[in-house]
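The values are calculated or read from the model by the stated rules, or taken from the named source; none is laboratory data. As the structure is a prediction and not an experimental result, all values here were calculated from the model. Positions of Cβ are generated from backbone atoms using ideal geometry, with glycine treated the same way; all protein chains shown enter the neighbour counts. Keep in mind that these areas ignore ligands, DNA and RNA; they rest on the heavy atoms of the full protein, side chains included. Shrake-Rupley method; radii C 1.70, N 1.55, O 1.52, S 1.80 Å.
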Amino acid sequence: MARKNIDKRLWIGIGISAVLLVLLFRQIDGRQVLAAFRSMDYRYLVPSVLLTFVSYYCRAIRWRYLLLPQKATSLANLFPATIVGYMANNLLPARLGEFVRAYVLAEKEKLDSSSVFATLVLDRLFDGFTVLLILVVTFFTVQLPPGMEQVQEGLKLGGYITLALYVGVIAFLVLLKRRTHWTLDLLGSLLRPFPARIAEKIIPLLGSFIAGIRMSARPTELAALFVSSLVIWSTAIWPVDLVLKSFGISLPVTASMLIMVFLVFAVMVPASPGYVGTYHAACVYGLLAFNVQREMALSVALVMHGINFFPVILAGFYYLWRDNMSLRNVEEQSAKHSG
């Protein structure tokens, strides 16, 4: 049943990717795209790729702090597991890379893979909070070109909504952790107007989730989690700015932040493995808001996707080869745990 669900999501994702690619390429002048690539300064690619791997390494560091209540894990195992997980996300459907990442580390550190996966839920929560913070800062500070006043006002309104959402989610999680039964009872009351099956799924899921959260309460370790989150996303945004500069596009750093936010939302949309189509559309339409020519915007999107796609795949296969593992075996084992 799990395999059928994955196959279904894969075909839906491929369909969405195909539609977006048609929309992106139907009005493109291929000669102008080639001209953009010829004018590109390729020296910016090396630091962009290096910074991308620095971001992955910082993710491994943050993951280590999340795993401390279970075990003091080794960065020599955490970093390869992180790379293999992101490689799998680029090649496998249904974001199986998250399960691959948990499985690979659990095998190396002799941990329960379900417990390791629970830390990745926290990992994504920290990502979500950091992205929301970037979103709020960007919406209130980004300056769009003349003629985009309505879009600018819309971004500010989005900033207010996002800020309210950010505060609300934090408040809910604090209540859920400190007054679990009261919060779940309240949520159950709010869900009464809806079909019973919704509450029957959500309430136990939240209960088991909050019960499974184990996080260090030491101030230094909590500070490390927040600082590493900021470094992760700073080193993810910086390559966007470098790629823009490589094409001779001079925009403030808030533009790179806005594009990154668009990309984060884009990878949440069902798509083919590697986020083909959704990733490119987010980048192109983000740049169009700054009056960047469509062909130039598409060229930037292709390079940015390549930087985030090919190097991590090569590194991931290297680590699998080094540890005598195969992607097919890892996928099968991970799919069992995800099912």
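Results, tabulated for the structure shown:
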| read-out | value |
| --- | --- |
| Qualifying trypsin sites (Lys or Arg not before Pro) in region 33-130, DSSP loop, other Cβ atoms within 10 Å at most 15 | K71, K110 |
| Out-of-range pairs (alpha-carbon distance over 21 Å; input K156/K245; K156/K177; K71/K108) | K156/K245; K156/K177 |
| Sorted peptide list for 270-279, 112-121, criterion being average Cβ within 10 angstrom, highest first | 270-279, 112-121 |
| Whole-Hz couplings from phi, Karplus 6.51/-1.76/1.60, listed for region 264-278; x for Gly and Pro | 4, 5, 5, 6, 7, 6, x, 7, 5, x, x, 6, 5, x, 5 |
| The chain: most fluctuating residue of V269, V284, V174 per GNM, C-alpha cutoff 10 Å | V174 |
| Nitroxide proxy distance, nm - points 7 Å out along Cα→Cβ at Q143 and L68 | 4.2 nm |
| Reduced Cα scattering model of region 68-205, Debye log10 I(q)/I(0), q = 0.17 Å⁻¹ | -1.08 |
| Dipole magnitude (debye, nearest 20) for the chain, charges at Cβ of Lys, Arg, Asp, Glu | 600 debye |
| In Å, descending, principal axis extents of the Cα set of region 252-339 | 48, 28, 22 |
| Summed side-chain charge close to A301 - residues other than A301 whose Cβ falls under 14 Å, Lys, Arg +1, Asp, Glu -1 | 0 |
| Nearest 10 degrees, 0 to 90: helix 219-246 Cα axis against the chain principal axis | 20 degrees |
| Region 17-119, accessible surface, carbon-and-sulfur percent (1.4 angstrom probe) | 62 percent |
| Extension gain from I161 to F310, taking 0.36 nm per residue of separation minus the Cα-Cα distance | 50.0 nm |
| For the chain, with +1 on Lys and Arg beta carbons and -1 on Asp and Glu, the positive-most of L258, V22, L120 along the dipole | L120 |
| Sequence-separation-based contact order of the chain, relative, with Cα cut under 8 Å and 6+ spacing, percent | 35 percent |
| Residue-averaged 222 nm ellipticity for the chain, from DSSP H runs of 4+ at -39500 (n - 2.57), nearest 500 | -27000 deg cm²/dmol |
| Label zone at M268 (point 7 Å along Cα-to-Cβ), backbone N below 13 Å, region 162-195 | 162-163, 165-166, 169 |
| For region 40-148, size of Cβ-based charge dipole, Lys and Arg +1, Asp and Glu -1, in debye | 160 debye |
| Average projection area in nm² (convex hull over Cα atoms of region 43-89, one quarter of hull surface) | 3.6 nm² |
| Nearest 10 degrees, 0 to 90: helix 45-67 Cα axis against the chain principal axis | 10 degrees |
| Neighbour net charge for F139 - beta-carbon separation under 13 angstrom, K R +1, D E -1 | 0 |
| Solvent exposure of the chain as accessible area per residue, Å², 1.4 Å probe | 51 Å² |
| Size of the chain as Cα extents on the principal axes (Å, biggest first) | 59, 50, 44 |
| Only Lys, Arg (+1) and Asp, Glu (-1) charged, at Cβ; region 1-103 dipole about Cα centre in debye | 260 debye |
| Distance between modelled label sites at E200 and L327, nm, 7 Å Cα→Cβ extension | 4.0 nm |
| Range of Cα positions in region 93-159 per principal axis (Å), largest first | 57, 23, 15 |
| Cα long-axis angle, helix 149-178 against the chain (0 to 90 degrees, to the nearest 10) | 10 degrees |
| q = 0.16 Å⁻¹: log10 I(q)/I(0) that the Debye formula gives for region 5-54, counting C-alpha atoms only | -0.80 |
| Equivalent-ellipsoid semi-axes of region 168-300, from the Cα gyration tensor, Å, largest first | 39, 22, 12 |
| Ranked by how many other beta carbons lie within 10 Å on average, peptides 238-248, 23-33 from highest | 238-248, 23-33 |
| Projected label distance in nm at D185 and L230, using a 7 Å step from Cα toward the beta-carbon | 4.0 nm |
| Ordering of 146-153, 166-173, 305-312 by burial proxy (mean other Cβ atoms within 10 Å per residue, highest first) | 305-312, 166-173, 146-153 |
